[in-house]
Amino acid sequence: MVALKPQRPIFGFLWPAPRPVPQDDAAVQRTWVRVPPRGPWRLTLLITATALLVTGGAAMISSLLAAPSLIGLVVSVVLLIASALLLGRAWAVGTSVSDAGVKVSRLRMTLVIPWGDVRAVDTVPRSRWLGLPIEVAGSTVVLTTPDSQVLTHVASASPDLWGRPQASDAAVSTLRTWWRETR
């Protein structure tokens, strides 16, 4: 009988293989798990925006090499840095959970709420389109805390869940299960 070698991704040399750790009753999930994972629409939008940023940056650099100017250099650097920071935050936007709590990362800020502060995980019948103040039909999961209600990215209008109702139900169920099991 031949023992199979564990398979690694093509570019597996870029990150170390996870070391197996013993599991017992005191095991704690310290890494953040994204709920829901990035969907095909969000990935398409983010990869396209990244490709446009790289292409635009190359065009700016080549135009500055052709006709150098100080004002053009300053404007180009400011635009590239601002665009790269905005795109980096767009890649980080989402809701993540761990045994410590829930993390809601938005474009401008990140909220980390311990599970002890979450009183309820409810679904409200309104949803914001891409996080904008435009409300569309659908539902959003809301975390009720002593101070306020926090909207999560587990919403039917989220690009992670567009056209995938089963993934939406699974994400809501996962969030409620984490809350129920960790409080």
**Study point:** Max mean-square fluctuation residue, GNM over the chain, Cα-Cα springs under 10 Å, options R38, R89, R108
**Key:** R108
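Which whole-number percent gives the relative contact order of the chain, counting Cα pairs below 8 Å spaced six or more residues apart?
On the way: 218 pairs, mean separation 37.1, N = 183.
It rounds to 20 percent for the chain.
Give, rounded to the nearest 20 debye, the magnitude of the charge dipole that the chain has about its Cα centre when Lys and Arg contribute +1 at Cβ and Asp and Glu contribute -1 at Cβ.
Details: 18 positive and 10 negative charges, 55 e Å.
The dipole magnitude comes to about 260 debye.
If neighbour count is taken as other Cβ atoms inside 10 Å, put R30, R164 in order from fewest to most.
Numbers: R30 8, R164 16.
So the residues, fewest neighbours to most, are R30, R164.
At 24 angstrom or more along the helix axis (alpha-carbon based) and mean Kyte-Doolittle of -0.5 or higher, what helices does the chain contain? Whole DSSP H runs only.
Details: long enough: 40-66 (39 Å, 1.43); 70-92 (33 Å, 2.25); 165-182 (26 Å, -0.73).
TM-like helix candidates: 40-66, 70-92.
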Revision key, fill the gap. Between T145 and D24, the FRET efficiency computed from the C-beta separation at R0 = 41 Å comes out, to the nearest 0.05, as 0.85
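Kindly put I81, I113, I10 in sequence by how many other C-beta atoms sit within 10 Å of each C-beta, fewest to most. Kindly include the intermediate steps, with their values, before the conclusion.
Details: I81 10, I113 16, I10 6.
Going from sparsest to densest Cβ surroundings: I10, I81, I113.
Order of S168, S105 from fewest to most other C-beta atoms within 10 Å? Let's see the in-between values first.
Details: S168 22, S105 19.
Fewest-to-most Cβ neighbours within 10 Å comes out as S105, S168.
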Practice item. List the equivalent ellipsoid semi-axes of the chain in whole Å, largest first, each obtained as the square root of 5λ for an eigenvalue λ of the Cα gyration tensor. Key: 35, 26, 16
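Quick note: the coordinates plus some simple rules give every number you see, no bench work behind them. All values reported here derive from a predicted model rather than from experimental measurement. Don't worry about glycine lacking a Cβ; one is built from the backbone with ideal geometry, like all the others, and counts go over all protein chains shown.
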